[in-house]
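In what follows, a structure is listed as structure tokens, so that the remarks can point back to it.
The values are calculated or read from the model by the stated rules, or taken from the named source; none is laboratory data. None of the values given here were measured: they were computed from a predicted structure. When we count neighbours, we look across all protein chains shown, and the Cβ atoms used for this are built from the backbone with ideal geometry, even at glycine.
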Ligand code: MRU
């Protein structure tokens, strides 16, 4: 794994997005924009990953994060593994790719997008084919998925912006922007981007999103690049804000939407979404979930879901410095589950779903 410094980021003229691409396949290497480098003083950098192990590390360490971007990185990681495979046997090759896929799925188990992308890539492989054909098909398929994702988030963002009233103050949680999708547009932040272009956004409030601070470090930066006025709050201030301010709606993303539960549409998203949803219900503020269909899970039931528990140092340390007393116990779930009765609408690329209609 090697790094390349991006230095001071300057958007390229005519580029559809003013933001760096977070997942780029170039010269048979996977270039990942290091989202951990997004903090003051800004030394933005890319990771040049050439092995599936390096990609798995980047997913675990959250250099690449956001369910869709993780899924794309995982798909390209399979292409890296394919290129490095030396076997001539299709059966052995297929088994090798299955092992790589299984290891990738274990990196961060909660979001479903990665599993959906890997499973789709395996549908284009059949054991009758030569190994070289397999390798070609894997890269073609992940590139095809990436291109489709570009249209998916544009369509989702345009559709969702229709829900935003004029002169809206909105609140968003974590980071759901273009960096989190690996494309030009985000999900919840994509809706905000389009609504802002339509002149409907007065102000965006962003939760800092402890403990990894995706809201403070990434969303605040993306909104500045997009010239959208914003203010960061600590999660604990959401109640104060909803009591004081005219918040038109709360916009969040999704890592997994359970559609086989009864009732359907339990949403797994960044920890802190559930308390926001309860506050929204209390203050009668709509909670809008922006989720591509690739985050929908028609199989798993609530009792089969694995919520990622991350290391305690993310809470007990700050920027690498211990801030808590020695031997402090800390519980660090990365996601929580919001039930459908607290969700006003789910915006997908194809439709808007009203779980309580
Ligand atoms: O732990 P993270 O930063 O990967 O969590 C990200 C989220 O929860 C996002 O809301 C979700 O992945 C959607 S990103 C478009």
Query raised in the report: Which one is farthest from the ligand (Cβ to nearest atom) among residues in the range 53-72 that are surrounded by 24 or more Cβ atoms within 10 Å (Cβ to Cβ) and not in a helix (DSSP H, G or I)?
Result: 63
Query - Of all residues in the range 300-315 being farther than 30 Å from residue 239 by Cβ and touching a strand residue (DSSP E or B) at 6+ places or on another chain (Cβ under 9 Å), the one that is farthest from the ligand (Cβ to nearest atom) - result: 301
Requested in this report: Mind telling me which of the residues 143, 162 ends up being surrounded by fewer than 24 Cβ atoms within 10 Å (Cβ to Cβ), under 24 Å from residue 64 (Cβ atoms), modelled with pLDDT of 95 or more and more than 17 Å from the chain's Cα centre (by Cα)?
Outcome: 143
Query - Residue list for the range 104-130, restricted to those being in contact with a helix residue (DSSP H, G or I) (Cβ under 6 Å, 6 or more places away or on another chain), surrounded by fewer than 19 Cβ atoms within 10 Å (Cβ to Cβ) and closer than 20 Å to residue 50 by Cα - result: 105
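Need at least 1 residues that are within 12 Å of the ligand (Cβ to nearest atom) and either closer than 29 Å to residue 308 by Cβ or in contact with a helix residue (DSSP H, G or I) (Cβ under 7 Å, 6 or more places away or on another chain) (or both) per element, so show me which strands (runs of 3 or more DSSP E) inside the range 210-259 make the cut, counting only ones lying wholly within it.
249-252, 256-258
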Report task. Determine the pairs where a residue that is closer than 8 Å to residue 158 by Cα, located within the range 183-195, has a partner that is within 8 Å of the ligand (Cβ to nearest atom) and not in a helix (DSSP H, G or I) with Cβ atoms under 6 Å apart, the partner being 6 or more residues away or on another chain. Result -> 191/290
**Report entry** Test for residue 269: is it closer than 30 Å to residue 40 by Cα, at pLDDT 95 or above and under 15 Å from the mean Cα position of the chain (by Cα)
**Finding:** yes
Report task. Would you be able to tell me the number of residues in the range 116-135 that are within 30 Å of residue 332 (Cα to Cα) and free of Cβ contacts under 8 Å to residues at least 12 places away in the same chain? Result -> 1
